[in-house]
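Accompanying notes for the structure given below.
All of the numbers you see were taken from the coordinates with simple rules; none came from a lab. Source: prediction; values computed, not measured. Virtual Cβ from ideal backbone geometry, glycine too; neighbours counted across all protein chains shown.
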Amino acid sequence: MDLTHKFLNIVLPIASIFLFIFILPLLSVYRLLRFCIRSLFPENLAGKVVLITGASAGIGEHLAYEYAKHGARLALVARREKVLGVVAEKAKELGSPDAIVIKADVSKLEDCKRFVDETINHFGKLDCLINNAGIGKVGLFEDQQCINDQTSVMDINFWGSVNATHFALPYLRKSKGRILVIGSVAGWFNTPKVSVYNASKAAQQSFFETLRLELAPDIGVSIMNLGLVDTYLATNEFIYKTNLDGTPLLSVEGCAKTVVNSMRRGDESLTEPQWMRTVFLWVMLLRELMNVILRVLAKKRKCELENQKSHSTGSLQQHSDFKHD
Ligand SMILES: NC(=O)c1ccc[n+]([C@@H]2O[C@H](COP(=O)([O-])OP(=O)(O)OC[C@H]3O[C@@H](n4cnc5c(N)ncnc54)[C@H](OP(=O)(O)O)[C@@H]3O)[C@@H](O)[C@H]2O)c1
């Protein structure tokens with residue numbers, strides 16, 4: 001047994017290099033052709049029923065507007081009903097034939113069942129579920145006073161999307177529909193001070209990659225890996241504390257447009273901005289170097305924050321929720 005592993009340890013890396021040299025160019029041509037064909041014949045969204053979680057703000061709100069422009073019917077879910085109402089009205093003005101509002105908390109199992117049921121009761125079907133609702137909390141793991149404060153991140157970002165998917169699956173199977181997951185490059189690019197957020201996005205990625213295999217070909221699963229987007233979640237404080245200042249932000253409108261175009265092409269995954277794919281190679285192939293860079297940046301930021309703290313009356317809290325109220 002051990003001998004087999006020793007053999008594979010040596011042979012597989014060498015064989016893989018040769019296989020990659022042959023397979024990658026062919027795969028690239030196939031991907032390019034598929035992209036061209038799907039761009040020429042994108043999915044028509046008119047009349048399609050799309051359920052969006054976390055539609056009261058940020059990416060979810062702007063996805064609602066993009067889908068509305070294409071004539072989709074919308075079920076908009078979040079905790080702030082009044083704000084959702086405003087989004088629904090704007091979506092109708094932009095071209096959605098019908099948009100309903102459902103007040104719900106995705107971290108509650110019963111709420112997930114209810115918003116799927118209400119969507120079906122109203123529209124009679126579901127074509128697309130968008131798992132977008134998410135929050136994050138910033139702070140060194142070691143400094144957390146109460147670890148329970150962090151469980152909501154997993155409950156909303158991971159379990160919220162898993163639960164909603166569970167209840168939506170029978171209807172998505174009927175419509176041969178699609179699940180869209182708003183993921184993050186944080187799932188593999190692990191900047192310090194957001195350990196649980198990063199873990200929630202990695203878990204989400206892994207879960208839906210697996211689900212794609214189980215549900216194909218009836219239900220499509222698309223995972224969007226986004227960099228920093230200009231929303232309430234990515235506040236200046238969050239960006240500063242996680243050493244991401246200087247990283248260009250995506251506009252939320254542009255991001256929503258790119259995501260919907262990608263969905264219409266039926267892409268299984270998308271990394272936006274595209275240059276983050278190069279960073280992925282750096283993280284995978286030069287992990288030690290990346291870790292040194294991230295550690296040096298974190299140390300520098302820690303000193304700056306300590307200096308600020310000693311000069312101020314504590315306007316920056318040790319760890320704070322980077323989601324808006
Ligand atoms: N902004 C970025 O840089 C970035 C980058 C990559 C990925 N993402 C992902 O994009 C998604 C959306 O984030 P965003 O940037 O648009 O943040 P945002 O502007 O803060 O919006 C978050 C949305 O999620 C909803 N939400 C939060 N907790 C909820 C709960 N328990 N139940 C139902 N809805 C809930 C919020 O509505 P209510 O408060 O009304 O409930 C709001 O509509 C998240 O999954 C995030 O991880 C964001």
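Odds and ends about this structure:
- Charge dipole of the chain about the Cα centre (unit charges at C-beta), most positive-ward option of 266, 168, 235: 266
- Helices meeting the span-like rule in the chain (full DSSP H runs, Cα extent of at least 27 Å along the helix axis, mean Kyte-Doolittle score of 1.0 or higher): 2-40.
- Residue among 252, 276, 57 farthest towards the positive dipole end of the chain, charges placed on Cβ: 276
- Packing-based exposure ordering (other Cβ within 10 Å, fewest first) of 293, 135, 179, 52: 293, 135, 179, 52
- Reachable aspartates and glutamates, given that their alpha-carbon falls under 12 Å from the alpha-carbon of residue 103 and they are not under 8 places away in the same chain: 81, 111, 118
- Candidate lysines for bridging to residue 309, where Cα separation is under 17 Å - those fewer than 8 sequence places away on the same chain excluded: 241, 299, 300
- Placing a pseudo-label 7 Å from each Cα along the Cα-to-Cβ vector at residue 33 and residue 80 gives an inter-label distance of 4.9 nm.
- Look at where the Cα atoms of region 123-157 and of region 262-291 average out, and the two centres are 22 Å apart.
- Hydrodynamic radius (Kirkwood) for region 75-198, which is based on Cα pairs only, to one decimal in Å: 15.9 Å
- Comparing Cα centroids, region 57-95 and region 197-230 end up 22 angstrom apart.
- Expected-Rg normalisation [2.2 N^0.38 Å, Cα atoms] applied to the chain: 1.08
- Environment charge of residue 293, counting only residues whose C-beta is closer than 14 Å and scoring Lys/Arg +1, Asp/Glu -1: +4
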